[in-house]
Every structure is written in structure tokens, then in C-alpha cells.
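Trainee: Supplied in C-alpha cells, the structure appears directly below.
The values are calculated or read from the model by the stated rules, or taken from the named source; none is laboratory data. Keep in mind that what you see is a predicted model, and the values were worked out from it rather than measured. Reconstructed Cβ throughout: ideal geometry from the backbone, glycine too, with neighbour counts over all protein chains shown. Ligands, DNA and RNA are stripped out before the accessible areas are found, and what is left, the full protein with its side chains, is counted by its heavy atoms. Shrake-Rupley method; radii C 1.70, N 1.55, O 1.52, S 1.80 Å.
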Amino acid sequence: MSETGPLPVVVLISGQGTNLQALIDAERAGKIHARIQAVFSDNSEAPGLDRARRAGITAHHLARGDFPSRAAYERALAERIERYQPGLVVLAGFMRILGDDFVHRFRGSMLNIHPSLLPRFRGLDTHRRVLEAGDAQHGATVHFVTEELDGGPRIIQYRIPVRAGESEGALEARVHVGEYVILPRAVALIAERRLRLDGETVMLDEVAMTEPLMVEGESGK
Ligand code: GRF
């Protein structure tokens with residue numbers, strides 16, 4: 001990978017791929033100095049695969065059921081990803097927990113987008129859990145992927161106030177809007193070689209970040 005060329009990126013998805021679309025749009029608009037080389041999905045039905053193909057990006061389906069074990073599946077996935085020599089792997093709604101070997105292989109060059117203000121609400125069903133907990137704020141986080149599920153060093157967050165009486169679907173939709181802002185922004189910073197992971201510390205312009213960058217969303221009114 002040349003230091004100044006566009007950053008080669010591989011994106012992993014399982015579903016709609018609206019975050020993938022945000023990356024495709026940002027690349028097209030020249031907002032990120034990156035090139036999405038390939039998309040992989042564990043789900044043959046993922047609409048995101050079509051989004052990729054429509055954009056002229058090679059899209060692969062790799063089924064877990066075609067491999068005897070999770071480890072074998074992840075080895076095969078890692079090998080196929082590495083053929084593209086990506087400088088960055090983005091988990092954009094990839095709904096599988098990845099094992100330590102896979103994570104080690106891409107440590108420092110793999111991001112995830114998670115729909116909560118981490119460290120609040122790791123795991124699934126975040127929007128419902130936020131409403132049940134009565135939290136005043138919610139959002140999304142882009143973080144480096146480490147061995148700890150949804151626990152890697154945070155890069156950037158999007159934060160909105162939760163509205164009184166808001167439904168889970170409405171909250172989810174408002175969070176999604178912010179995801180399309182923060183994911184391309186994180187990729188842009190990495191592609192500009194301004195942001196990197198050093199051990200457990202996110203370095204921005206060679207200064208250790210103590211808190212993630214914060215984008216404030218629409219007001220609760
Ligand atoms: C997003 O909410 C993301 O935060 C989560 O999975 C969802 C993916 O949505 N990890 P999409 O496939 O990008 O539309």
C-alpha cells in the first residue's frame with residue numbers, strides 16, 4: 001500500500017448495507033481518500049451485496065455452513081479478504097462475532113460501527129434496551145475491533161437526545177442517520193493517515209485521544 005494512494009478498504013456486511021452505501025457515496029463524492037475493493041457477506045440474501053454490485057464493487061458471499069467450524073470459516077474469510085491487501089477492514093453491520101485469530105490478523109486496521117454510545121449497551125437490541133433503561137441519550141460509535149466484543153478503543157460517536165415516548169423504530173432511524181456521518185468520517189481520518197491505533201490507544205495527529213470524537217445530532221425537541 002502506497003502512503004499517498006487511496007486506502008484499500010474491504011467491507012463486511014450481513015444485511016441492508018446502508019452504512020456501506022454511505023461509504024460508497026463518500027468515496028464517490030471524494031470525501032474519503034479510499035477505494036472499496038470488495039464486500040463480503042455471510043448472508044446470501046443481504047441487500048448490501050446488490051448495493052455493492054450496482055456500484056461496480058466485487059461482492060462475495062461466504063456461507064458459514066460451507067465450513068466445518070467457525071475457525072475454518074474465519075480462516076477462509078481472512079484469506080479471501082487478504083487477497084485484496086486492504087489497509088482497512090470495516091465491519092458495517094456484520095452480524096457475526098469474530099474469534100481472536102481473525103481479530104489479531106486485522107488488529108489496528110479493522111473498524112466496527114455499533115448502534116449505541118459505547119460502553120453503554122454492547123451486543124444486540126440496543127435501541128430497545130436504551131428505551132427500557134430510560135436513558136436520556138443514545139447514539140452510535142465507531143471503534144477499533146479488539147478481542148473484547150464491542151469493547152475496542154472508540155474513535156468517534158454520534159449522540160442524540162432520546163425523545164419522550166419515542167418508538168424503537170423511530171429511535172433506530174435517527175441513530176442510522178448519524179451512523180452515515182461518523183463511519184465515513186472515521187474512514188476518512190484513517191485514509192488521510194491521521195488516525196491510528198497504538199496498542200489500546202487511538203492516536204489522532206500523533207496525540208493520544210482520551211475521549212472519542214463527538215458529533216452532536218439533532219435536538220430532542
Ligand atoms: C447498523 O445499525 C450498525 O450500527 C449495526 O448494524 C446495522 C447495519 O445496518 N452494526 P446497515 O446494514 O448498514 O443498513
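Trainee: Tell me which residues, restricted to segment 111-138, are aliphatic (A, V, I, L, M), open to solvent by 20 Å² or more (accessible area, probe 1.4 Å) and either within 16 Å of the ligand (Cβ to nearest atom) or under 17 Å from TYR158 (Cβ atoms) (or both).
Mentor: Across segment 111-138, the qualifying residues are LEU117, LEU124, LEU131, ALA136.
Trainee: If a residue must be within 11 Å of the ligand (Cβ to nearest atom), small (Gly, Ala, Ser) and either open to solvent by 70 Å² or more (accessible area, probe 1.4 Å) or not in a helix (DSSP H, G or I) (or both), how many such residues does segment 40-52 contain?
Mentor: 2
Trainee: Also: With the requirement that a residue be assigned to a strand (DSSP E or B) and of a type in the set (Gly, Ala, Ser), what does segment 1-39 give you?
Mentor: Selection gives ALA34, ALA38.
Trainee: Between ALA22, ALA78, which is away from the ligand (no atom under 16 Å from the Cβ), touching a Phe, Trp or Tyr at 6+ places or on another chain (Cβ under 9 Å) and open to solvent by less than 60 Å² (accessible area, probe 1.4 Å)?
Mentor: Just one listed residue meets the conditions, ALA78.
Trainee: Considering each of ALA55, ALA29 in turn, give the residue that is surrounded by fewer than 16 Cβ atoms within 10 Å (Cβ to Cβ) and not charged (D, E, K, R).
Mentor: The conditions single out ALA29.
Trainee: Can I ask one more? Just for segment 142-170: of the residues that are assigned to a strand (DSSP E or B) and among the charged types (D, E, K, R), which one is surrounded by the most Cβ atoms within 10 Å (Cβ to Cβ)?
Mentor: ARG154
Residues are listed down the side, and each one gets a yes or a no for (1) in a loop (DSSP other than H, G, I, E, B); (2) farther than 20 Å from GLN21 by Cα:
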site: VAL90; (1), (2): no, no
site: MET95; (1), (2): yes, no
site: LEU98; (1), (2): yes, yes
site: HIS104; (1), (2): no, yes
site: ARG107; (1), (2): yes, yes
site: ASN112; (1), (2): no, no
site: LEU117; (1), (2): yes, yes
site: PHE121; (1), (2): yes, yes
site: ARG128; (1), (2): no, yes
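Trainee: Still on this structure, I have one more. Touching a strand residue (DSSP E or B) at 6+ places or on another chain (Cβ under 7 Å), open to solvent by less than 70 Å² (accessible area, probe 1.4 Å) and in a strand (DSSP E or B), is that true of VAL187?
Mentor: no
Trainee: Hey, another quick one. Filter segment 182-204 for residues that are under 21 Å from ALA26 (Cβ atoms) and free of Cβ contacts under 8 Å to residues at least 60 places away in the same chain and give the result.
Mentor: ARG185, LEU189, ARG194, LEU195, VAL202, LEU204
Trainee: Could you tell me whether any residue of segment 32-39 is within 16 Å of the chain's Cα centre (by Cα), within 22 Å of ALA188 (Cα to Cα) and surrounded by fewer than 17 Cβ atoms within 10 Å (Cβ to Cβ)?
Mentor: Yes, that holds for at least one residue.
Trainee: Got at least one residue in segment 63-85 being within 11 Å of VAL11 (Cβ to Cβ), assigned to a helix (DSSP H, G or I) and not basic (Lys, Arg)?
Mentor: Taking every residue of segment 63-85 in turn, at least one turns out to be within 11 Å of VAL11 (Cβ to Cβ), assigned to a helix (DSSP H, G or I) and not basic (Lys, Arg).
Trainee: Return yes when ALA173 is open to solvent by 50 Å² or more (accessible area, probe 1.4 Å), among the small types (Gly, Ala, Ser) and within 28 Å of ILE24 (Cα to Cα) and no when it is not.
Mentor: For ALA173, the condition - open to solvent by 50 Å² or more (accessible area, probe 1.4 Å), among the small types (Gly, Ala, Ser) and within 28 Å of ILE24 (Cα to Cα) - is met.
Trainee: Which residue is farthest from GLU172 (Cα to Cα), if the candidates are limited to segment 93-110 and must be among the aliphatic types (A, V, I, L, M) and away from the ligand (no atom under 11 Å from the Cβ)?
Mentor: Only one residue fits best here, namely VAL103.
Trainee: For ASP150, state whether it is within 16 Å of LEU12 (Cβ to Cβ), of a type outside the set (Val, Ile, Thr) and within 14 Å of the ligand (Cβ to nearest atom).
Mentor: So ASP150 passes the test.
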